[in-house]
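> To start, I am sharing the structure in question, which I have written as structure tokens.
What follows draws every value from the coordinates through simple rules; no lab data is involved. Keep in mind that this is a model prediction, so the values were computed, not measured. Cβ placement follows ideal geometry from the backbone for every residue including glycine, while neighbour counts extend to all protein chains displayed.
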Amino acid sequence: MKRPSGPFLLLGLLLILPLMLRDAYYQHLMILVLMWVAIGSGWNLISGFTGQVLFGAAAFFGFGAYTAALLSSKLGVSAWWGLPLGGILSVAIAFPFGWICFRLRGPYFALATLALNEIFRHVATIWESLTDGMIGILVMQTFISKLPYYYVALAIAILSIVTVDLVMRSRWGYYFVSIREDQDAAESMGIDTLYYKMLSLCISAFLIGIAGALYTNYMGFIDPKVVFSLHEISIMAILVGIVGGVGTIYGPLVGAFIMVAVQEIFRTGGFGVLHFIGQSTGWPFMSGVIKYVSEAHVLSFGILVIVVILFLPNGIVGDWSLIRKSLFKSKKPAV
Amino acid sequence: MAFFKVQGIVKFFGGLAAVNGVSFEVKEGEICGLIGPNGSGKTTIFNLINGYFALAKGEIQFQGEKISGLKTHQICQRGVGRTFQVVKPLKRMTVLDNVIASAFLRHHPRSDAVKLAEETIEFCGLTHYKDKIAKSLPIASRKRLEITRALATQPKLILLDETAAGLNPHELEEAIRLIKKIRDSGITIIIVEHIMKVIMTISDHIVAINHGMVIAKGTPAEVVSNPEVIKAYFGEDYRA
Ligand SMILES: Nc1ncnc2c1ncn2[C@@H]1O[C@H](COP(=O)(O)OP(=O)(O)OP(=O)(O)O)[C@@H](O)[C@H]1O
Ligand SMILES: [Mg+2]
């Protein structure tokens, strides 16, 4: 069998990328992309492969982020310990949560995860003696340069993709997909569906929790509104999964890249292009346009999802053969 | 000790007793036919044996142990496999992957599971569909996939729910041959089938039910000549 060389080429490229891309701003974006690869992979495992829609990824992300922050602010331990610990404690949450909620089928699980997300956000806001509430927690950043963060993020992204890949080749992977395809059939094939759904959720929570801890270390500041955000984290996680390709190993990588880019385009008004037009032409209404465009990103997310679902129901990776065909149709010689 | 024993099982849907005090026994190695008109409770009996529904009353024993009250997957692990009347293929998986997922139950390294899956697919005559996506199969093959998947869990008892319904005469012959082959491999079978030709030729013993109650038991010849059975199938006025 031919060994696929694509992943290794990609890995090589990602390893040298920050050395070529010296601009701190683009390095920052790449770190976000890699963080989203981990979150997207986690989401994809439980939702894309196991078919249990996780609507509240921020519950685990925020939990990991707060674990890292509290280690530093309350215990005086390095926030880097939050990476393993944030993952493990997210599992400690996912385990009982799954045990209770996986008795529910269909939309109930999705809604329960949404509730978990909101509960954590409120707890983090209200429990001021622990979390300082809305004020948030400041953590001293370890490095000034972006490079160390980039490589840590890269390691986490690789860990996520390799984990999901290994799991999906194993018996667990077969069981997860069987559960997604037909839970009754899976049970009657001897699969303990409750157990394997929990297992899948725990692995997901682990990956997402680590990503949360990475966020704390990298950004140096968290508050409940950001890390438990429904649309910045939970919905974004779903988008990364759907755009890249539900139930594909490399989908989250593609999805993360596109979604971080889209988010950034809207946040900055087309990387400043609109500002430039406004300034050079002196049109007074441009500042209004800029304001609306940057605020419309939630709407644009919605539109993007609709477009993807309509035209690429399996995401960019899942429908790659379709995309390639329509893009390069003209170049192919007729046979 | 009976190999398999159902004792006074009851199941209500709302106020309706879909299964109302059914008892029967199955000996090891035999084919037991379960017959009855539409809606008489056959599939519900399978769902009770399989643990998909909980019993309101009664007990089910397999190899001398009580299995009622166990979860569906535990009952499968004990060695009871089943097929679904309304087929439930794992749609977006290939036929081979469907069967591998089943084979993992008793065969752990992946290579072992693949080997068993391939053998089982061969045994059931699905080899040329092996790499097809399950949802693309024609109905006869989907029914066969149900059987293949159940067999890959290596059951001692298999419940077949109308696996021959909707097949053409040629496919029917093949289905009968497959069922006999399963029996000859040492697996005990309980089969639900409307097609009398199938049930009469392969069953060692038949249980007839109507309105969730047993109306006759015995050899195929005894059961078809039973007046209760004739009444259930052809109505009050029918006289042979
Ligand atoms: N899930 C359910 N909820 C409510 N009623 C049900 C359910 N399943 C079956 N029933 C009812 O129970 C009775 C027995 O149904 P069952 O499917 O066991 O019959 P069957 O003998 O398998 O019929 P068929 O030959 O048509 O497959 C029917 O009256 C049916 O309407
Ligand atoms: Mg039925």
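> Return the long-range amide H neighbours of B:Gly21 (sequence gap of 5 or more, or a different chain), with a cut-off of under 5 Å between placed amide H atoms.
Residues meeting the criterion, in which the H sits 1.01 Å from N, are B:Ile9, B:Val10, B:Lys11.
> Plugging the Kirkwood radius over Cα pairs into Stokes-Einstein for the protein assembly as shown, at a temperature of 25 °C and a viscosity of 0.890 mPa s, what D comes out in µm²/s? Don't skip to the end; give the middle numbers.
Values: Rh = 27.0 Å.
Value of D from the Cα-based Kirkwood radius: 91 µm²/s.
> Determine the calculated [θ] at 222 nm for the protein assembly as shown from helices alone, applying -39500 (n - 2.57) to every DSSP H run no shorter than 4 residues and normalising by the residue count; nearest 500 deg cm²/dmol. Write out the running numbers ahead of the final one.
Details: 27 runs with 329 residues, N = 575.
Calculated mean residue ellipticity at 222 nm is -18000 deg cm²/dmol.
> Shifting gears a bit: Does anything in segment A:235-254 have its amide N under 19 Å from the 7 Å Cα→Cβ label point of A:Ser170, and if so which residues?
A:248-250
> If r is the Cβ-Cβ distance from B:Asp184 to A:Ile303 and R0 is 60 Å, what FRET efficiency results, to the nearest 0.05? Could you put the intermediate results ahead of the total?
Numbers: r = 61 Å, r/R0 = 1.02.
Plugging the Cβ-Cβ distance into 1/(1 + (r/R0)^6) gives 0.45.
> Quick check: pseudo-label points 7 Å beyond the Cα along Cα→Cβ at A:Asp184 and B:Ser136, how many nm apart are they?
Going from the A:Asp184 label point to the B:Ser136 one covers 2.7 nm.
> FRET efficiency for A:Leu230 and B:Asp112, Cβ-Cβ distance as r, R0 = 35 Å, nearest 0.05?
Working: r = 45 Å, r/R0 = 1.30.
Once rounded, the FRET efficiency stands at 0.15.
> Something else: GNM, chain A, Cα, under 10 Å: largest mean-square fluctuation among A:Val254, A:Val307, A:Val246?
So, out of A:Val254, A:Val307, A:Val246, the one fluctuating most is A:Val307.
> While we're here: Suppose each label sits 7 Å from its Cα in the direction of the beta carbon; what would the A:Ala115-B:Val86 distance come out to in nanometres?
Inter-label distance under the simple model: 2.8 nm.
> Can you run phi through the Karplus equation (6.51, -1.76, 1.60; θ = phi - 60°) for segment A:12-28 and list ³J(HN,Hα) in whole Hz, with x for Gly and Pro?
x, 4, 5, 5, 9, 3, x, 6, 8, 8, 7, 5, 4, 5, 6, 4, 4
> Another question about this same structure. Using the alpha-carbon centroid of each, what span in Å lies between segment B:1-36 and segment A:27-90?
Distance between centres, Cα-based: 51 Å.
> Please check: in the Gaussian network model of chain A (C-alpha springs, under 10 Å), which one of A:Met236, A:Met140, A:Met35 has the largest mean-square fluctuation.
A:Met140
> Also, I was wondering about something else. Given a Förster distance of 22 angstrom, what is the FRET efficiency for B:His211 paired with B:Met1, based on the Cβ-Cβ distance and rounded to 0.05? Let's see the in-between values first.
Numbers: r = 31 Å, r/R0 = 1.39.
Efficiency, rounded to the nearest 0.05: 0.10.
> Report the full-extension gain for the segment A:Ala261 to A:Leu10: residue separation times 0.36 nm, less the Cα-Cα distance, to one decimal in nm. Write down the numbers at each step before the final one.
Working: separation 251, 0.36 × 251 = 90.36 nm, distance 1.86 nm.
Residue separation times 0.36 nm, minus the Cα-Cα distance, leaves 88.5 nm.
> Only counting other Cβ atoms within 10 Å, I'd like B:Ile67, A:Ile323 sorted with the fewest neighbours first. It would help to have the intermediate numbers written out before the result.
Working: B:Ile67 19, A:Ile323 14.
If I rank by nearby Cβ atoms, fewest first, I get A:Ile323, B:Ile67.
> Can I ask one more? Can you give me the distance in nm between label points at A:Thr142 and B:Ala221, each placed 7 Å from the Cα along the Cα-to-Cβ direction?
8.5
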